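Working notes for the structure below.
The values are calculated or read from the model by the stated rules, or taken from the named source; none is laboratory data. On a predicted model such as this, the values are computed, not experimentally measured, just so you know. Here the Cβ positions follow ideal geometry from the backbone for every residue, glycine too, while neighbour counts run over all protein chains shown. Ligands, DNA and RNA are excluded from the accessible area calculation, which covers all protein heavy atoms including side chains. Shrake-Rupley method; radii C 1.70, N 1.55, O 1.52, S 1.80 Å.
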Amino acid sequence: MNSPKKPLSFAISYALFVALAPVQAATIGPVDVSSEAGDLLVLDNDQVSFTGKGAAVRVVGGQNEFIGTTMDIHATAGGPNDAVTGLQAQGGGRGTLQGSTIKASGYFGDGASASGAGSHVQLGQTDITTDGARGRGVMVNQGSSAQIIGGTVTTTGLMADGLSAMGAGSTISASGTSVSTAGNAAYAVRAQQGARIKLNNVSATAHGQTAAIAITGTDSVVTADGVTAQSDGAQGVEMQEGRLEFSNGSIQAKTDGILIRPSSPNGGGTAVVRNSQVLSQTGNGINLDAKGASLELYESQISAKGDNGSAIWMPGSDSHADVHDSQLETWGTQAAAVDNRAGIFQMDGGRVVTHGDSSHGLYASTDVIGGQSGAPGATFDVMNVVIETFGVGSVGALARLGGTRMVLSDSQLLTHGDLSHGLLVSGDDASLQTTRTNVVTEGNSAYGLSVSNNATADLTDTHIETAGEKAYGLVSQATIAGITNQLDLTDSTVLAHDSSALRVSGGSLLSHLTHSSLVGRSADQPATAVWITDGANGLAADLVRLDSDHSFIDGDVLVEGGALQLSLNNQSRLEGAVNDTPGHSSLSLDDSSTWLMRGDSSVGQLTNKGSVEFATPAASDFMRLKVVGDLQGGGQYIMNTDLGALRG
């Protein structure tokens, strides 16, 4: 019968120990360095093998230290409930391994651990493997610390984290290390309850249904520089409160690249990402799901490959994203580069690109508000950004429902697909503002701007250009009765190459043109500039008021439903025919404005204090102007005459 091995006990003073050669042995039992007097134990090229409950190498007390070089440490649980550890530092003890290996087997079989203030483990070029459930590679708690340089950490069990730090004051620093977990609920890196983890040039991979990096707790922080984080079955980074600082690295995930999930009524959680790539296969690049979650993004690329995904998804109440010089991209259908339901999104510089059908560039909607306090709201404030969509039905920038606000400046929007509008704003209290912005659409029925259901659009120094059939420059429409939309243009141009510059389809519109132009073309020839008609949904057109101040309307004005009140003021000019089928419209010109009538025209009322000029007809016939009601004003009428035939 073999007697159990007894732990080695060393009581050698530091001075004496330094003078002696390191203790060497082929295979030894558990090592315990816990002298009250203080021990320093150095082992070189030894194997420690332990089976039972406890630690293969245990260092306890601030006066005690263990140093091992080229060690091979095996810790195996003696029974199903026996927790073991390869290297353990407690109560201020310090343990160091260089060029060594640790293997821990069994339930709660940790590779290396430190517990208590001042306790520290240092691992250089050391490989750690654990194969049991809850068997963590390196664990620190209660204010202890670990430093890892090089080497590998590999775990295979359920809930077996690679690097785990718990509690305020607990820290892990890892550099040049490869960390890998295979079990479910096993994070490669995990900081909890105020712990801090610093990673430099680390590879963190989770092969199970778990995030590669997890952060839990208000004061928990993970700082990563040059890190590659990968999750084969879940998120790249999962956060519940806490802070992530991620630079010069990459995150690849099955689901969300970075998820800040709700954890308490207070919410919160901040991710700061610099010069990095974040890729999601089936979810969102970055998901700000928690109330008050925030993102700072600098010079990075965020991509979502799957259908229904977003580069940045913002359902969290009062969430905030601040993006600089970055690219946001989606590849699936029914996606959005940025989907903002309840937060504030700000972007300065960079690109927004979507490739799938029904995949919008910027999307603001308040139909999901996430328990938002006060009135719902989703806001975009974007400048110096290029927005481009390639799919069918993919809008460049869209704001819908009350409480949404889209502000664009110094930006460019380009859509390539049919039904892919450049801009869209819809709903009570929904608003759109553009300044020094170009909008180009290339598909059929791809409007430059669509305004509907009591929404407001204000364009300043903005150029809108459309190229496809039925690709109207501006569209005002209604899906319910009693709608009045608001559309103002200042120092702006609208050019529709193959359709009307402005179409009103049902409902009412109040519009002001200031130093602006509306140009409608067909095959590069003058066509319809303004078209007012009942909606295809059966809603009748109502009053359309169009006030022109020092502006130019190039093309015909066609009124098939409702009534138009068109006022030309301050050197405004209209070139085209006016055809008012219902006969309820009115046209007025002040003494500085001009109407060049290029075809037979009819209008309900005409007040001319300026100049109405009949263009030279293409044929020998003359043009006719019919005023159904009142003709007022003392302006000029300039027309062609045939004196010989006494007509003109």
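Could you list all residues from segment 454-492 that are in a strand (DSSP E or B), under 21 Å from A540 (Cα atoms) and open to solvent by 20 Å² or more (accessible area, probe 1.4 Å)? So that I can check it myself, show each step before the final result.
Our first condition is that a residue be in a strand (DSSP E or B); within segment 454-492, this holds for 456-466, 474-477, 484-490.
Still in the list and also under 21 Å from A540 (Cα atoms): 456, 474-477, 484-487.
Scanning segment 454-492 gives T456, Q477, T484, Q486.
Would you pick out the residues in segment 309-331 that are acidic (D, E) and open to solvent by 50 Å² or more (accessible area, probe 1.4 Å)?
Answer for segment 309-331, where residues must be acidic (D, E) and open to solvent by 50 Å² or more (accessible area, probe 1.4 Å): D318, D325.
One residue is enough: does segment 612-631 have a residue meeting the conditions open to solvent by less than 30 Å² (accessible area, probe 1.4 Å) and within 54 Å of the chain's Cα centre (by Cα)?
yes
Restricting to segment 493-526, and then to whatever is within 14 Å of D554 (Cα to Cα) and either in a loop (DSSP other than H, G, I, E, B) or touching a residue at least 60 places away in the same chain (Cβ under 8 Å) (or both), can you tell me which residue is most open to solvent (accessible area, probe 1.4 Å)?
The residue in question is D524.
Mind telling me which of the residues T218, T210, T223 ends up being modelled with pLDDT of 95 or more and open to solvent by 20 Å² or more (accessible area, probe 1.4 Å)? Break it down stepwise before answering.
Values: T218 fails: modelled with pLDDT of 95 or more; T210 fails: open to solvent by 20 Å² or more (accessible area, probe 1.4 Å).
Within the list T218, T210, T223, the selection yields T223.
Check S431, S426, S476, S420 and return the single one that is under 18 Å from M406 (Cα atoms), of a type in the set (G, A, S) and more than 26 Å from the chain's Cα centre (by Cα).
Going through S431, S426, S476, S420 in turn, just one is under 18 Å from M406 (Cα atoms), of a type in the set (G, A, S) and more than 26 Å from the chain's Cα centre (by Cα): S476.
Tell me, yes or no, whether segment 95-118 has at least one residue that is open to solvent by less than 10 Å² (accessible area, probe 1.4 Å), farther than 18 Å from T177 by Cβ and in contact (Cβ under 8 Å) with a residue 60 or more places away in the chain.
no
Among the numbered criteria (1) under 11 Å from the mean Cα position of the chain (by Cα); (2) surrounded by fewer than 19 Cβ atoms within 10 Å (Cβ to Cβ); (3) among the polar types (S, T, N, Q), which one does Q334 miss?
Here Q334 clears every test but (1).
I want to confirm something. Restricting to segment 355-397 and keeping residues that are within 16 Å of N340 (Cα to Cα) and acidic (D, E), which single residue is modelled with the highest pLDDT?
D381
Kindly list, by first and then second residue, each pair from a residue in segment 380-391 that is farther than 11 Å from L408 by Cα and small (G, A, S) to a residue that is open to solvent by less than 10 Å² (accessible area, probe 1.4 Å) and in a strand (DSSP E or B), limited to pairs with Cβ atoms under 8 Å and residues at least 6 apart or on different chains.
G391/T354
What number of residues within segment 428-451 are open to solvent by 10 Å² or more (accessible area, probe 1.4 Å), under 12 Å from N485 (Cβ atoms) and either among the aromatic types (F, W, Y) or at pLDDT 95 or above (or both)?
1
Every residue, every condition in (1) under 29 Å from G132 (Cβ atoms); (2) not β-branched (V, I, T), yes or no:
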site	(1), (2)
T27	yes, no
P30	yes, yes
S35	no, yes
V42	no, no
D46	yes, yes
T51	yes, no
R58	yes, yes
G62	no, yes
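Show the residue pairs that are 6+ apart or on different chains and have beta-carbon atoms under 6 Å apart, the first residue being within segment 192-215 and within 17 Å of T228 (Cα to Cα), the second being basic (K, R) and in a strand (DSSP E or B).
Close Cβ pairs (under 6 Å, with a partner that is basic (K, R) and in a strand (DSSP E or B)) amount to A214/R190.
Is segment 342-350 home to any residue that is open to solvent by 20 Å² or more (accessible area, probe 1.4 Å), touching a strand residue (DSSP E or B) at 6+ places or on another chain (Cβ under 9 Å) and small (G, A, S)?
Yes, segment 342-350 contains at least one residue that is open to solvent by 20 Å² or more (accessible area, probe 1.4 Å), touching a strand residue (DSSP E or B) at 6+ places or on another chain (Cβ under 9 Å) and small (G, A, S).
Is segment 150-159 home to any residue that is assigned to a loop (DSSP other than H, G, I, E, B) and in contact with a Lys or Arg (Cβ under 6 Å, 6 or more places away or on another chain)?
Checked segment 150-159: at least one residue is assigned to a loop (DSSP other than H, G, I, E, B) and in contact with a Lys or Arg (Cβ under 6 Å, 6 or more places away or on another chain).
Taking A290 as the residue in question, decide whether it is in contact with a Pro (Cβ under 7 Å, 6 or more places away or on another chain), buried (at least 24 other Cβ atoms within 10 Å of the Cβ), without any contact (Cβ under 8 Å) to a residue 60 or more places away in the chain and not basic (K, R).
Yes: the conditions hold for A290.
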